[in-house]
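These notes are about the structure you will find just below.
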Amino acid sequence: METRRTFTLAAIGTALAAASSVAGAALAFVLGPLRRRAPRESAFLDFGPASAFEALRAGTSGPEEVVVERTVEDGYMTRRVKERFAVVPDVQAASGLAALSMTCTHLGCGVSWNGARKAFLCPCHGGVYGPGGNVLAGPPPKPLTRLPLVVSGGRLQLDAAALDA
Ligand code: FES
């Protein structure tokens, strides 16, 4: 008699433990995505003194490469990444300048400016972009990503939030 009661209580306890474990996992699965934050970067990325880009703004020099480092938060992970941009003239921007991402829109290789050909060249599959980032040849499906630059306190800056938009 005593053995049967002990067995029954043990079986009920085990069943309750298993049920709460499954319920906890299900709850974490459902609520987990709500706790994750979207990737974001709130800071402005500094491209240096705006006066350093006067020749570019005047159209007397080619695109200038700038490498910036930024913090990217993605879910629970935070990491530092370096990104390459080409500063190019932009008559529609108040600063007179825009930043082109130097990441190829085909499969993500890094492009480089070729002054002799006056084009951005991708070494991976022969993608060719014009000085404004438009596709001239090869497999890239769209132009290089163009981002607005602003001048603040005499510094040329890029709103990093635009990178994740
Ligand atoms: Fe640039 Fe393919 S990654 S052309």
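The values are calculated or read from the model by the stated rules, or taken from the named source; none is laboratory data. This one's a predicted model, so the numbers in the text were calculated from it and none came from an experiment. Glycine also receives a Cβ, built like all others from the backbone with ideal geometry; neighbour counts cover every protein chain displayed. These area figures cover heavy atoms from the full protein model, side chains too; ligands, DNA and RNA do not enter into them. Shrake-Rupley method; radii C 1.70, N 1.55, O 1.52, S 1.80 Å.
Numbers for the structure displayed
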read-out: The chain - charge dipole about Cα centre, Lys and Arg +1 at Cβ, Asp and Glu -1, debye rounded to 20; value: 460 debye
read-out: Per residue solvent-accessible surface (Å²) - the chain, probe of 1.4 Å; value: 62 Å²
read-out: Per residue Cα convex hull volume in Å³ - calculated over segment 43-90; value: 79 Å³
read-out: Residue-wise HN-Hα coupling along segment 114-123, computed from phi with Karplus coefficients 6.51, -1.76, 1.60 (Hz; x: Gly, Pro); value: 10, x, 5, 8, 6, 7, 8, 10, 9, x
read-out: From phi via Karplus (6.51, -1.76, 1.60), per-residue ³J(HN,Hα) for segment 57-67 in Hz, x at Gly/Pro; value: 5, 7, x, 9, 9, x, x, 10, 7, 10, 10
read-out: Theoretical gain in end-to-end length, Val91 to Thr145 [0.36 nm per residue, Cα-Cα removed]; value: 17.8 nm
read-out: Cut-off 15 Å between beta-carbons: net charge of the residues surrounding Ala52, Lys and Arg +1, Asp and Glu -1; value: -2
read-out: Helix 2-35 axis, angle to the chain major axis (alpha carbon atoms, nearest 10°); value: 10 degrees
read-out: The chain: relative contact order as a whole-number percent, Cα under 8 Å and 6+ apart; value: 21 percent
read-out: Cα→Cβ-extended label distance, 7 Å offset, between Val81 and Arg5, nm; value: 6.5 nm
read-out: Listed residue (Ser61, Ser21, His106) projecting farthest to the positive dipole end of the chain, Cβ model; value: Ser21
read-out: Helix-derived mean residue ellipticity, 222 nm - over the chain, DSSP H n ≥ 4, -39500 (n - 2.57), to 500; value: -8000 deg cm²/dmol
read-out: Whole-percent carbon and sulfur share, accessible surface of the chain, 1.4 Å; value: 60 percent
